[in-house]
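So the structure is just underneath, and the comments pick up after that.
Only the coordinates and a few stated rules stand behind these numbers; no lab work does. Quick caveat: nothing in here was measured; it's all calculated off a predicted structure. So basically every Cβ, Gly included, is an ideal-geometry build from the backbone, and we count neighbours across all protein chains shown.
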Amino acid sequence: MNASSATRSVMTRSARHRRPWRTRTALAITAALACVPAVTVPAHAFGPGTHTKITESALGGFQKKSLEAMAAGDLGDDEWGAIRGSDKGDYYPKQTRYHCDDADYLKVSGYPRSRQQATDELLACIQTSVEEFHKAVVAAGELVDSKGHINTKEVGLDHRCKYNDSPGRAKCTVFEHLGRAWHAIEDFYSHSNWTDQKVPEKDISVTNPPGLQKTTPAPFFTLRAYSNQSTATWEAEARKEIGKVPDVATGCAGGEYEHGSKDLNNCNRRINHYDDADGKGGLSKEGSRAKIDHNGDNAEKVATEDIKRQWQDFQDELLARYSNGHGKKMICTLTHDAPTDATCK
Ligand SMILES: [Zn+2]
């Protein structure tokens, strides 16, 4: 990498992380600020606040402030909804674990990565979601006391949740963990070929990987089931499911960190996450790939369906784990802005 491309990589990386599913407008601004060459952004690329749109669409029955605490994009004053938490701080550059990147593989001779390496990267992302799901379930235990009364100080939203890994109100903690679990899942659909059309152009290559044409959520994000199994058990199950789709891939995010690595990624000759300087070839629906057929729309649709599933599974886990009506009350404290024992029966 020469000096100018190294500079471009660093500058675009810092810009892109602020708004990973970005807009034409945002890109124009960040491109101007970051001195990058003009990059074509398709009209149907994942737009502003796509994480917000997906999460809001998936969550039924939430009152206004609670929905904002979970799903908002940028609230100003260095505040955001939980779904954006992985776009902040130390979570930015951990592309594999928190953004489901770097699970790239193509069945061609001499591809720099093996299928197993790609699967291991995907498993690391799934693991993040499973662990965060479990933490959210545990944190929910503080929403209601042992007698089934709402812990009022743990559920108020008179001031906004701060998602900074520090102990806070239980409701905020539950949202923070769910946000991290769900962000990675939403990213999987944006960053992978799961819902893409079969072959975008003519020949399969690293800049033209095959699409899997899936119309339903991926079976290897069954967080509720996995969180109740040993790591070895769920990993074996997930590995089996991934084995059924040997062409599944997410793009290599250049200049970022893979799972367990302290070295920056080298994405040469690999399927990339980002488009090249000509605005082509990246797998992510942040870029040109979104406009091929309806790839962007399809990814958004299935991501929304998956988060609906995840929210239902989370509620089911609370109902199963916390008996005597406590689980039901916990769900009410999460969806209501000012829950009380009288309004959450
Ligand atoms: Zn992300």
Residue within the stretch 186-196 that is under 21 Å from the mean Cα position of the chain (by Cα), within 16 Å of the ligand (Cβ to nearest atom) and more than 28 Å from residue 292 (Cα to Cα) present:
no
Looking at (1) among the hydroxyl-bearing types (Ser, Thr, Tyr); (2) within 15 Å of the ligand (Cβ to nearest atom); (3) out of contact with any strand residue (DSSP E or B) (no Cβ under 9 Å at 6 or more places or on another chain), can you tell me which one residue 163 breaks?
(3)
Residues of the stretch 122-166 being of a type in the set (A, V, I, L, M), in contact (Cβ under 8 Å) with a residue 40 or more places away in the chain and part of a helix (DSSP H, G or I), which ones?
122, 123, 124, 126, 130, 136, 137, 140, 155
Check on residue 117, without any contact (Cβ under 8 Å) to a residue 24 or more places away in the chain and more than 17 Å from residue 219 (Cα to Cα)
yes
Output the residues belonging to the stretch 296-307 that are closer than 14 Å to residue 211 by Cα and either surrounded by 24 or more Cβ atoms within 10 Å (Cβ to Cβ) or without any contact (Cβ under 8 Å) to a residue 60 or more places away in the chain (or both).
296, 299
May I ask you to list the residues in the stretch 51-104 that are small (Gly, Ala, Ser), at negative phi and assigned to a loop (DSSP other than H, G, I, E, B)?
60, 72, 73, 81, 103
Go through the stretch 69-105 residue by residue and tally those that are farther than 17 Å from residue 165 by Cβ, surrounded by 19 or more Cβ atoms within 10 Å (Cβ to Cβ) and out of contact with any Ser or Thr (no Cβ under 8 Å at 6 or more places or on another chain).
2
